[in-house]
Amino acid sequence: MSEASDDRDEPAGRDGYTHPSYEHQPYPPRGPQPGAGLALGSLVCSIAGFVVCAPLAIAGIVMGHIAFYRARRGRGTGGALAVAGFVIGYAALIVWSIVLPLVVHALVQSGVFG
């Protein structure tokens, strides 16, 4: 055997060459890129804001802006979902700001609060 094969644990190839072994990698392996969970949560909260209540729409708007910022900076995915989330959240707030005063006015007129 040659001296090169004595120093290394790997067997020599057909041509007698052994690959150099590295004691460590120069950079640690990167984990997976963050997914679109925040953007998806934004979309779900904004849609639920139409049906349930306005605070869910506000949560959808906040999460949508954060997810969009992260996607634009390259620290996450789901930029389009984030935009859809905060646009639908703003639309839900507009709808609630129109509907809620009308409902309160109708209840006052019917004598529920009187």
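The values are calculated or read from the model by the stated rules, or taken from the named source; none is laboratory data. What you are looking at is a predicted structure, and each value in this text was computed from that prediction instead of being measured. Heads up, the Cβs are rebuilt from the backbone with ideal geometry, glycines too, and the neighbour counts pull from every protein chain shown.
Values for this structure:
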quantity: Close pairs (8 angstrom Cβ cut-off, 6 or more residues apart or separate chains): closer than 24 Å to VAL51 by Cα in the stretch 100-114, not in a helix (DSSP H, G or I) anywhere; calculated: LEU107/PHE113; VAL108/GLY114
quantity: Residue within the stretch 47-70 that is of a type in the set (Phe, Trp, Tyr), touching a helix residue (DSSP H, G or I) at 6+ places or on another chain (Cβ under 9 Å) and either at pLDDT 90 or above or not in a helix (DSSP H, G or I) (or both) present; calculated: yes
quantity: Residues located in the stretch 93-113, provided they are within 34 Å of the chain's Cα centre (by Cα) and of a type in the set (A, V, I, L, M); calculated: LEU93, ILE94, VAL95, ILE98, VAL99, LEU100
quantity: Residue within the stretch 71-84 that is in contact with a Cys (Cβ under 8 Å, 6 or more places away or on another chain), assigned to a helix (DSSP H, G or I) and either touching a residue at least 24 places away in the same chain (Cβ under 8 Å) or exposed (fewer than 14 other Cβ atoms within 10 Å of the Cβ) (or both) present; calculated: no
quantity: Residue satisfying condition, being of a type outside the set (S, T, N, Q) and more than 30 Å from ARG30 (Cβ to Cβ), within set VAL62, VAL44, VAL83, VAL99; calculated: VAL99
